[in-house]
1. Once you order the gyration tensor axes a ≥ b ≥ c over the Cα atoms, which shape class does region 137-222 get: rounded for a/c under 1.5, otherwise prolate or oblate by comparing a/b with b/c?
2. On full extension of the chain, what length is gained from K104 through I162, given 0.36 nm per residue of separation minus the C-alpha to C-alpha distance?
3. For region 24-123, what does the equivalent ellipsoid look like in terms of its semi-axes, each the square root of 5 times an eigenvalue of the Cα gyration tensor, given largest first in whole Å?
4. Measure off 7 Å from each Cα along the Cα-to-Cβ vector at S185 and S78, then give the distance between these two points in nanometres to one decimal.
5. Have a look at L59, S70, V96 and report the one farthest towards the positive end of the charge dipole of region 24-123, computed about the Cα centre with Cβ charges (Lys/Arg +1, Asp/Glu -1).
6. Run through region 71-122 and list the chymotrypsin sites (Phe, Trp or Tyr not before Pro) located in a DSSP loop whose Cβ has at most 11 other Cβ atoms within 10 Å.
7. Measuring from label point to label point, each 7 Å out along Cα→Cβ, what is the D89 to N194 span in nm?
8. Measure off 7 Å from each Cα along the Cα-to-Cβ vector at L147 and M207, then give the distance between these two points in nanometres to one decimal.
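Taken together, the values in this text are just the output of simple stated rules run on the coordinates, not laboratory data. Note that the coordinates shown come from a computational prediction; the quantities given were computed from them, not determined experimentally. With ideal geometry, Cβ positions are generated from the backbone for all residues, glycine too; neighbour counts draw on all protein chains shown.
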Amino acid sequence: MKTLLLPLLLVICFGRLANAQRQGADVNELGRFIGRTVEISGVFRKIVRPVKHQTKTVLVIEDDMLSGISVRVVMMRSKFSSAMYKWLDSSKNMEVFVNAKIKKVNGQLMGFNYELKPNITTIMPLPSCTANAITPSITAVDALKYLGKYVLICDTVHDYIILKDSIYLNLGGKYPDETLIVAGSRKEIPRPDNMIGKAVSVNGQVMMYKQKPIVRSKNIFVK
């Protein structure tokens, strides 16, 4: 009996160890995972293609909370076909997930994926609330139930506030009775006045800001 239990226990222990070594992490959390392989999540900004004799391809992924924090993920050039480069070019500004080992190089956090398959996946922004969402689809009033989670918000813009370079859309009611705030830069929301009274769909992580739930997103669509 003991001889049968020992291999089983070893399999369970090694399985748990492998799962513990690979976790999901936002770009702004990577400092906690130095030396470990994680699934990085963030907004895919650009790809730096190799030239001539270079053997590496670099993906630039930004924190999806609009903090300006970004990380470079280095991969082998040989893993990328022309079709994959084309696919990545079409995936810019999308939510992306990439497996990589986190290291600190010259004081900067970087991700490296040499041995693993690229395993790059994206969540495309959803143009309407009738689409089949990968993440839960909710209205503004339900946002508090999903703190810390990624969701698709589908609701109406009642008014907005401009503070410096940021625009805050109020959903679920006018300020100060809004039930959810959607934050974006002037670049992402160039004409907020055109959104008043219209339904929008926004995907992002629900956080708290001055006792109100907030979603900071670059993917905001008017229905």
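1. rounded
2. Gain on extension, K104 to I162, equals 17.2 nm.
3. Values: eigenvalues 78, 51, 29 Å².
Semi-axes (√(5λ), whole Å): 20, 16, 12.
4. 3.8 nm
5. Among L59, S70, V96, the one farthest towards the positive end of the dipole of region 24-123 is L59.
6. The qualifying sites are Y114.
7. 2.7 nm
8. With each label placed 7 Å out from Cα toward Cβ, I get 1.4 nm.
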